[in-house]
Amino acid sequence: MSTDTLHDISFWYDPISPYAYLAFERLPEALMGLSVRVRYKPVLFAALLQAHGQLGPAEIPAKRDWTYRQIGWLAQQHGVPLDLPAAHPFNPLALLRLGLCTATDDAPGETNRYVTELLFHHVWRGGHHATDPARLAALQTLLQDHMVQRQKPWAAPDSAPVKQRLRDNTDAALALGLFGVPALVVDGRVFWGHDALPMLRAYLDGDAWFHSGAWEAAARVPVGVQRNPA
């Protein structure tokens, strides 16, 4: 691949995820010099976890502590401002729907980078409660003004079209085999996690490993044993 090739990348995210936030902030640097179109697609992370029978990192006490320590370290390593919200995890449904209020008919499941940034900063800047009604109302006002400036219609967060957009995104994510966020999808390949950004860049730069058969071979490893649920 060359830097002149236009790469179409889908960035699947839920603002509840600190790793999605870090990946979002670092994405411009990771893709520097390439011709790209990034489609930001909100998805309900909890629905992906439920579909795969998993718990989220913040639902396992020891892993929760480690997650907050690691993201704090990663943020300072990469120069990304990050403040833990006043409470986490929380129900992100209101934020996801607010984001999708700004979707347009030609991209009904997408938020632009400005909107996506507002959602992430609402959670990961300032150390506030993400579900505080006054803060959500202020965010809604910002988003409504954004749509006025774009001369695009605003759909109410609790409207049927907005709810359907989120359901459609979640169904599409599951159809792609996504199990977590952030997930970056390009050419049918899924790159999962903040730490996959260098791997994504290598693929876009034409790294020979991706054409060696190693990617496909990973899916053919036999399962040696399966644990029975208790």
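Here are some notes:
- Reach of LYS163 by Cα under 25 Å, taken over lysines that are not fewer than 8 positions away in the same chain: LYS41, LYS152
- Theoretical ellipticity at 222 nm over the chain - DSSP helices of four or more residues, -39500 (n - 2.57) apiece, nearest 500: -14000 deg cm²/dmol
- Within the chain: Cβ-based charge dipole about Cα centre, in debye rounded to nearest 20 (Lys, Arg +1; Asp, Glu -1): 400
- Close amide H contacts of LEU44 (hydrogens built in the peptide plane, cut-off under 5 Å, sequence separation of 5 or more or a different chain): THR170.
- The stretch 1-131 - percent of accessible surface contributed by carbon and sulfur, probe 1.4 Å: 52
- Close amide H partners of GLU110, meaning residues 5 or more places away or on another chain with modelled amide H under 5 Å apart, are THR104.
- Backbone phi angles across the stretch 197-209, fed through the Karplus curve with coefficients 6.51, -1.76 and 1.60 (θ = phi - 60°), yield HN-Hα couplings of 4, x, 5, 4, 4, 4, 4, 5, 7, x, 3, 5, 4 Hz in residue order; Gly and Pro are listed as x.
- Cα gyration tensor of the chain - equivalent ellipsoid semi-axes, whole Å, descending: 28, 23, 19
- Packing, taken as the mean count of other beta carbons within 10 Å per residue, orders the peptides 4-12, 162-170, 179-187 from highest to lowest as 179-187, 162-170, 4-12.
- Computed from backbone phi, the HN-Hα couplings of the stretch 168-185 come to 5, 4, 5, 4, 5, 4, 5, 5, 7, x, 5, 10, x, 10, x, 10, 10, 10 Hz, rounded to whole numbers (Karplus: 6.51 cos²θ - 1.76 cosθ + 1.60, θ = phi - 60°; Gly and Pro given as x).
- Amide H to amide H, with H built 1.01 Å from N, HIS7 comes under 5 Å of SER35, VAL36, ARG37, counting only residues 5 or more places away or on other chains.
- For the listed peptides 67-76, 193-202, a ranking on the average number of other beta carbons within 10 Å per residue, highest first, reads 193-202, 67-76.
- Phi to ³J(HN,Hα) by Karplus 6.51 cos²θ - 1.76 cosθ + 1.60 over the stretch 142-150, Hz, x for Gly, Pro: 4, 5, 5, 4, 4, 6, 5, 5, 7
- Contact order normalised by residue count of the chain, Cα under 8 Å, 6+ apart, percent: 30
- Solvent-accessible area per residue, Å², over the stretch 74-230 with all protein chains present [probe radius 1.4 Å]: 54
The values are calculated or read from the model by the stated rules, or taken from the named source; none is laboratory data. Predicted model, so just to flag it, every value in this text is computed and none were measured. Here Cβ is always computed from backbone atoms with ideal geometry, including for glycine, and neighbour counts include all displayed protein chains. The area values use the complete protein model at the heavy-atom level, side chains included, leaving out ligands, DNA and RNA. Shrake-Rupley method; radii C 1.70, N 1.55, O 1.52, S 1.80 Å.
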